[in-house]
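J.: Pasting a structure below so you can have a look.
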Amino acid sequence: MPTARNARGVDVLIYSNDTSRKYTVQVKALSKRSPVPLGGNIDRLLGDFFVVCRKVNSDKPECFILTPAEVRDLAHKGEKNGKTSYWLQPKQYETDNFRENWDRIGQP
């Protein structure tokens, strides 16, 4: 179910045609080339896959498919006023390895 804010939990459940494979997906939608906010604790990323979709209001949106482990490894840690936050910078996720690489999830 789409949410209007950064609600905790997975966003999409997908499964193969024969239902032998099931995956959960966390989606981050961005209107432009921006860092992805990950919150204050990256140990709690949920899902089997993490999909960053940017330019979602355009005719040519782009998607980047990562695993939560890759997001944790690539995350930038910021601290401000004693509060920690994590971000996934565009230069970290906009690689050819992740760009529109839906095969990482698999075939139906």
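J.: What is the distance, in nm, between label points placed 7 Å from the Cα along the Cα-to-Cβ direction at Cys53 and at Val10?
T.: Result for the modelled spin labels: 1.7 nm.
J.: What FRET efficiency do you get for Glu94 and Arg21 if R0 is 22 Å and r is their Cβ-Cβ distance, rounded to the nearest 0.05?
T.: Working: r = 28 Å, r/R0 = 1.25.
Between Glu94 and Arg21 the formula returns 0.20.
J.: OK, next. Near Lys60, which aspartates and glutamates are there with a Cα under 20 Å away, not counting those fewer than 8 places off in the same chain?
T.: Those aspartates and glutamates meeting the cut-off are Glu94, Asp96, Glu100, Asp103.
J.: Rounded if a/c is under 1.5, else prolate if a/b is larger than b/c, else oblate: which is segment 5-61, with a ≥ b ≥ c the root eigenvalues of its Cα gyration tensor?
T.: oblate
J.: Given H placed on each backbone N at 1.01 Å, which residues far from Arg21 in sequence or on other chains put an amide H within less than 5 Å of it?
T.: Residues meeting the criterion, in which the H sits 1.01 Å from N, are Ser16.
J.: Can you tell me the order of 9-16, 34-41 when each peptide is scored by its average per-residue count of other Cβ atoms within 10 angstrom, highest first?
T.: The most tightly packed comes first, giving 34-41, 9-16.
J.: Same structure again: Do any of Lys22/Lys91; Lys32/Lys91; Lys28/Lys91 go past 21 Å between their Cα atoms, and which?
T.: From the list (Lys22/Lys91; Lys32/Lys91; Lys28/Lys91), the Cα-Cα distance tops 21 Å for Lys22/Lys91.
J.: Would you compute, for the Cα atoms of the chain, the largest minus smallest coordinate along each principal axis and list the three values in descending order, in whole Å?
T.: Here the spans come out as 51, 30, 27 Å, largest first.
J.: I'd like the FRET efficiency for Gln107 and Glu79, computed as 1/(1 + (r/R0)^6) with the beta carbon distance as r and R0 of 30 Å, rounded to 0.05.
T.: Step by step, r from the Cβ atoms, then E = 0.10.
J.: Shifting gears a bit: Under a 5 Å amide H to amide H cut-off, with H placed in plane at 1.01 Å, what residues pair with Leu88 once short-range neighbours are removed?
T.: Val36, Leu38, His76
We did not get these values from a lab; they are worked out from the coordinates using the rules stated. Since this is a predicted model, take the numbers as computed values, not measurements. Note that we place each Cβ from the backbone using ideal geometry, even for glycine, and neighbour counts take in every protein chain shown.
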